[in-house]
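Have a look at the structure below before the remarks.
The values are calculated or read from the model by the stated rules, or taken from the named source; none is laboratory data. This one's a predicted model, so the numbers in the text were calculated from it and none came from an experiment. Every residue, glycine among them, receives a Cβ derived from its backbone with ideal geometry; neighbour counts consider all protein chains shown. Note: areas computed on protein heavy atoms with side chains; ligands, DNA, RNA excluded. Shrake-Rupley method; radii C 1.70, N 1.55, O 1.52, S 1.80 Å.
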Amino acid sequence: NTDEKECAYADYMGFILTLNEGVKGKKLTCEYQVSETVEKLLAMLATLDRWIDETPPVDQPSRFGNKAYRTWYAKLDQEAEALVTAVLPSERHDAAPEIAVYLKEAVGNSTRIDYGTGHEAAFAAFLCCLCKVGALRIEDQLAIIFKVFDTYLQVMHKLQKTYRMEPAGSQGVWGLDDFQFLPFIWGSSQLIDHPTLEPKHFVEEKVVNEYHQDYMFLESIKFINEMKTGPFAEHSNQLWNISAVPSWSKVNQGLIRMYKAECLEKFPVIQHFKFGSLLSIQPVKP
């Protein structure tokens, strides 16, 4: 029933859109404050990254879905609550078990060795919960995306590459990207009113190479270019179509609509979503 949105949906979308507004026209390299919680989150992500180095892929007959991922995941499964407790202020340690669920959900599925936008959504929900318990604050907005989410992306790229993860619930060539969605939303917002870069430019490799350090959208395109071969129009048709949109604000609005329709309204993505006291399944009060 789409008329009656759960609080969780409203909170989640509100969080995504608040951040979308916050990063408008700003570069990844701009100045912003970095709080203690953000530092702790970066330390947590560095731990996950280090575990990848400590868990090399194993020799196996199938090319995709390297089973070493399960060993890596088992470590996270065991340590998640402790990792989250370390990030939370001491008076909110009680929330660790609930928030840890989102963290474990955010890195892919250990049975299928796949990763998709539902897992990415779990990481955004994890950050949303940290805001709800007061660990992250409104002034952390830029750091949440430019430091924490961006680092999360790098770690996910490394996981996807190292263990050759399958795309979860991918629409193949009709999807936006095999693995991620949010960097395209927030990344297009960063580019709104850019003096020279237009949507048509992101399909040019030299533009991507020159600007990817500043813009999350181009960073994501760079990863696609590294992972895929052949003409861009063929392997990433939806993105290719977006390059014909006249302005970044139109791209941004279109991607938000697409995200709601493709990722959040479709049952498979949200069916594994855990609801608890922080992201409630109660209907929104009219």
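Magnitude of the charge dipole for segment 30-78, about its Cα centre and with charges confined to Cβ atoms of Lys, Arg (+1) and Asp, Glu (-1), is about 360 debye.
Once whole DSSP H runs in the chain are found, which of them have Cα atoms spread over 24 Å or more along the helix axis and a mean Kyte-Doolittle score of at least 0.0?
Helices meeting the criterion: 36-54.
If you put +1 on each Lys and Arg Cβ and -1 on each Asp and Glu Cβ, how big is the dipole of the chain around its Cα centre, in Debye rounded to 20?
340 debye
With R₀ fixed at 41 Å, the C-beta to C-beta distance from ASP49 to LYS200 puts the FRET efficiency at about 0.75.
In a reduced charge model with +1 at each Lys and Arg Cβ and -1 at each Asp and Glu Cβ, segment 46-131 shows a dipole moment near 300 debye about its Cα centre. For segment 162-242, the solvent-accessible area works out to 44 Å² per residue, with a probe of 1.4 Å and every protein chain left in place. Taking all protein chains as shown and a probe of 1.4 angstrom, TYR163 keeps an accessible surface of around 0 Å².
Enumerate by residue number the trypsin sites (Lys or Arg not before Pro) in segment 1-107 meeting two conditions: DSSP loop (anything except H, G, I, E, B), and at most 10 other Cβ atoms within 10 Å of the site's Cβ. Loop-located and lightly packed - ARG63. At what distance in angstrom do the alpha carbon centres of segment 137-168 and segment 35-77 lie from each other? Rounded to whole Å, the Cα centres lie 13 Å apart.
Here the accessible area of the chain is 51 percent carbon and sulfur, with a 1.4 angstrom probe and all protein chains present. Positive-end ranking of ILE99, TYR9, THR111 along the dipole of segment 1-127, with charges on Cβ about the Cα centre, is headed by THR111.
Read through the labelled values [x] 147; [y] 135; [z] 189 and report the label of the one computed as volume of the Cα convex hull per residue in Å³ from the structure. Given [x] 147; [y] 135; [z] 189, the calculated one carries the label [y]. Normalised per residue, the accessible area of segment 1-122 is 49 Å², obtained with a 1.4 Å probe and no contribution from ligands, DNA or RNA. Toward the positive end of the charge dipole of the chain, with +1 on the Cβ of Lys and Arg and -1 on the Cβ of Asp and Glu, the farthest Cα among ALA261, PHE202, MET156 is that of ALA261.
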